[in-house]
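The block underneath contains the structure these notes are about, expressed in structure tokens.
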Amino acid sequence: MKREFKIAALAAAVALSGCASDSASTSSLPLETNQAQEQVSVQINKVKQSIDSAEKKLQEAKENKLDWFATLQVRDAQNALAEAKEYYAEYELDPSEANSSSGFFSSTTNIQATEESLAKFNAHLTKAEAIRVSVQTVLEEALSYRDQLNKINAVKYYPTSAKQLERKIKTLVDYVADEKAERAISAQPELVRKQRALEVRTVTRIYLYDAQTELKRLKQARISMHAPETLAQGAAAVKAAEAFIAAEPRATAQIIDKADEAMFSLKHAQQIANVVKKLKAMPEKDYERHVLSFEKILLNVSLALGSEDVRDQPISKQGKHLVDFIKANQQGEQESAIAQQKLRSELGDEKARAAILEKKVAELSAQLLAAQQAPVLPLTAPVQAVPVAPIKTATVAPAPASAPAATPAEAAEIQTPTPAKPEQPVQVPSEEAATANQG
């Protein structure tokens with residue numbers, strides 16, 4: 001586009017003046033110094049980095065569906081980036097063209113024109129982001145239903161309706177982008193109503209289609225002639241599921257349960273109709289055999305559970321007896337389970353206490369072992385020998401022959417040395433004392 005503009009301008013100049021213009025050469029700024037060349041090279045590298053960053057931003061914007069929210073702004077940003085690349089191509093291989101004029105009648109250089117285009121790109125992209133934020137605020141409810149319809153893949157089941165609603169919401173988005181938010185706000189309620197209706201139809205189609213089809217088949221097969229009550233119950237279950245979906249289309253777990261209940265009721269109606277058909281086609285002589293077959297089923301169940309034979313009672317009482325027997329067994333099993341759980345809990349407590357005791361015993365054993373291995377320290381200082389003064393032997397008069405012999409204890413006292421005492425004169429006992437001793 002830039003080259004075409006140059007050619008057109010050159011042709012106009014030749015027609016008016018009759019001579020060629022050399023504005024490109026005169027407008028060129030010669031690089032006189034190495035410093036100027038380095039400055040231009042740095043500027044060119046910076047522009048290249050800006051272009052690469054802009055391409056990355058544009059790619060991310062498209063991946064994030066920014067062009068759906070702000071189609072015109074993203075398109076203008078894309079055009080601005082393409083223009084910047086055209087200017088950059090003029091001096092990508094020849095840096096001397098960086099400061100050349102971008103056009104015959106323009107004072108802007110190629111590198112300046114590149115930077116201006118990049119600035120336009122960023123401005124358009126920023127505006128597009130602002131539009132997206134505004135759309136998400138104004139059309140929050142409609143966008144929520146749009147996400148839900150995409151989640152359940154409504155276009156797969158109702159492609160025409162889904163595409164119509166998609167075109168309608170895009171129109172409202174464009175209103176907001178064109179600063180006509182009032183029109184978008186006024187049109188949103190009707191769009192939301194249609195989106196919700198399509199959501200209900202899609203959810204019903206996904207989860208209740210089998211039950212609806214089965215109900216239709218049973219009606220066509222005239223099952224109501226043989227089992228009108230059970231068929232009516234099945235039809236009521238289907239209607240209840242449809243009503244629940246209309247009220248809570250996003251309660252998936254409950255919807256699945258109700259759909260299963262409806263299908264169960266319809267299958268039950270089919271089985272009852274089959275039995276009634278057989279009864280109607282059965283001769284009277286086979287009635288007894290048919291009743292006995294049902295009674296045998298109850299008997300087999302009773303014997304399998306360990307109950308007694310109660311065929312001497314009416315069939316209704318046989319069934320009741322079987323139910324009571326099962327409930328009694330279940331109650332006994334529950335009580336046994338509770339007792340086992342209690343026993344396990346008590347056993348766990350005992351194990352915990354045993355573990356604590358074992359830990360204490362181990363600690364005490366370790367302390368005792370440490371005490372035994374510790375070295376024994378002397379409690380008092382060693383006792384030094386004290387010199388004992390010599391004892392002088394005293395002259396004692398011989399005892400009378402009739403004196404009793406000394407006992408071993410007395411002998412030990414005599415032989416045990418006593419501490420030295422001050423010398424005293426030894427006294428010889430008198431005759432009266434000796435006589436007293438003899439007595």
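Please list, ordered by chain and number, the residues whose modelled amide H lies under 5 Å from the amide H of residue 109; skip anything fewer than 5 residues away on the same chain.
102
Of 225, 263, which has the most accessible area and how do the rest follow, probe 1.4 Å?
These residues rank, largest area first, as 225, 263.
Holding the Cα-Cα limit at 19 Å, pick out from 56/120; 216/267; 65/170; 219/277; 163/258; 120/170 the pairs that are longer than that.
Listed pairs above 19 Å: 163/258; 120/170.
For the full complex of protein chains and a 1.4 angstrom probe, list 152, 169 by accessible area with the highest value first.
The residues order as 152, 169, largest area first.
Considering only protein heavy atoms, what per residue accessible area in square angstrom results for region 196-355 with a 1.4 angstrom probe?
Result: 68 Å² per residue.
For region 218-304, which whole-number percentage of the solvent-accessible area (1.4 Å probe, protein heavy atoms only) is attributable to carbon and sulfur atoms?
Carbon plus sulfur share of accessible area: 59 percent.
Leaving out same-chain residues fewer than 8 places away, which lysines sit with a Cα under 24 Å from that of residue 317?
Counting by Cα, and skipping residues close in sequence, residue 317 has these lysines nearby: 296, 327.
Given a Förster distance of 41 angstrom, what is the FRET efficiency for residue 366 paired with residue 334, based on the Cβ-Cβ distance and rounded to 0.05?
FRET efficiency, residue 366 to residue 334: 0.25.
Just how far, in whole angstrom, is region 114-176 from region 270-334 if you go by their alpha carbon centroids?
With region 270-334 and region 114-176 each reduced to a Cα centre, they are spaced 65 Å.
The values are calculated or read from the model by the stated rules, or taken from the named source; none is laboratory data. Since this is a predicted model, take the numbers as computed values, not measurements. Here the Cβ is made from the backbone with ideal geometry for all residues, glycine too, and neighbour counts use every protein chain on show. The area values use the complete protein model at the heavy-atom level, side chains included, leaving out ligands, DNA and RNA. Shrake-Rupley method; radii C 1.70, N 1.55, O 1.52, S 1.80 Å.
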